[in-house]
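A.B. asks: Here you go, one structure.
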Amino acid sequence: MRLDKFLKLSRILKRRTVSKELALHERIEVNGRIVKPSYDVKIDDIIKITYGTRILTVKVLNVMEYVRKDDANQMYEIIDESFRKE
């Protein structure tokens, strides 16, 4: 599944366009590499998202094409969440 779609379906980010823009502006890393929105997400990938002053690191637990809102949090595990000062 594409990175931008995964972030939207898992409800980490609200919109797929936001996910795409963050990736295009090199604010998303997977396993330590900056990736494009079309990156194919796999189980056990570590995704680091820099969104404003927030830095969120998650581990992919499951990749599902269709997911209900209540089950979306089963797709990932939050490893770290921090805020940087500007």
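The values are calculated or read from the model by the stated rules, or taken from the named source; none is laboratory data. Model, not experiment: these values are computed from the prediction. Methodologically, a virtual Cβ is constructed for each residue, glycine included, from the backbone with ideal geometry; neighbour enumeration extends over all protein chains shown. Please note that ligands, DNA and RNA were not included when accessible areas were found on the heavy atoms of the full protein model with its side chains. Shrake-Rupley method; radii C 1.70, N 1.55, O 1.52, S 1.80 Å.
A.B. asks: Does the stretch 4-50 hold any residues that are free of Cβ contacts under 8 Å to residues at least 60 places away in the same chain and among the polar types (S, T, N, Q), and which are they?
C.D. replies: Hits for the stretch 4-50 are THR17, SER19, ASN31, SER38, THR50.
A.B. asks: Name every residue in the stretch 2-52 that is under 21 Å from ASP80 (Cα atoms), assigned to a loop (DSSP other than H, G, I, E, B) and open to solvent by 60 Å² or more (accessible area, probe 1.4 Å), in order of residue number.
C.D. replies: Within the stretch 2-52, ARG11, LYS14, GLU26, ARG27, ASN31, GLY32, LYS42, ILE43, ASP44 meet the criteria.
A.B. asks: Would you tally the residues in the stretch 47-86 being within 21 Å of THR17 (Cα to Cα) and in contact with a strand residue (DSSP E or B) (Cβ under 8 Å, 6 or more places away or on another chain)? Give the steps one after another, and end with the answer.
C.D. replies: First, the residues of the stretch 47-86 that are within 21 Å of THR17 (Cα to Cα): 47-58, 60, 63-69, 72-73, 75-76.
This time we only want the ones that are in contact with a strand residue (DSSP E or B) (Cβ under 8 Å, 6 or more places away or on another chain), so: 47-50, 53-58, 60, 75-76.
Of the residues in the stretch 47-86, 13 are within 21 Å of THR17 (Cα to Cα) and in contact with a strand residue (DSSP E or B) (Cβ under 8 Å, 6 or more places away or on another chain).
A.B. asks: Would the stretch 16-23 turn up any residue that is more than 23 Å from TYR66 (Cβ to Cβ) and out of contact with any helix residue (DSSP H, G or I) (no Cβ under 6 Å at 6 or more places or on another chain)?
C.D. replies: The answer is yes, given that some residue of the stretch 16-23 is more than 23 Å from TYR66 (Cβ to Cβ) and out of contact with any helix residue (DSSP H, G or I) (no Cβ under 6 Å at 6 or more places or on another chain).
A.B. asks: Can you name every residue in the stretch 20-40 that is over 13 Å from VAL60 (Cβ atoms) and among the polar types (S, T, N, Q)?
C.D. replies: Of everything in the stretch 20-40, just one residue is over 13 Å from VAL60 (Cβ atoms) and among the polar types (S, T, N, Q), namely SER38.
A.B. asks: Further question on the same structure: Surrounded by 11 or more Cβ atoms within 10 Å (Cβ to Cβ) and more than 12 Å from the chain's Cα centre (by Cα), is that true of MET64?
C.D. replies: Judged against the criteria, MET64 is a match.
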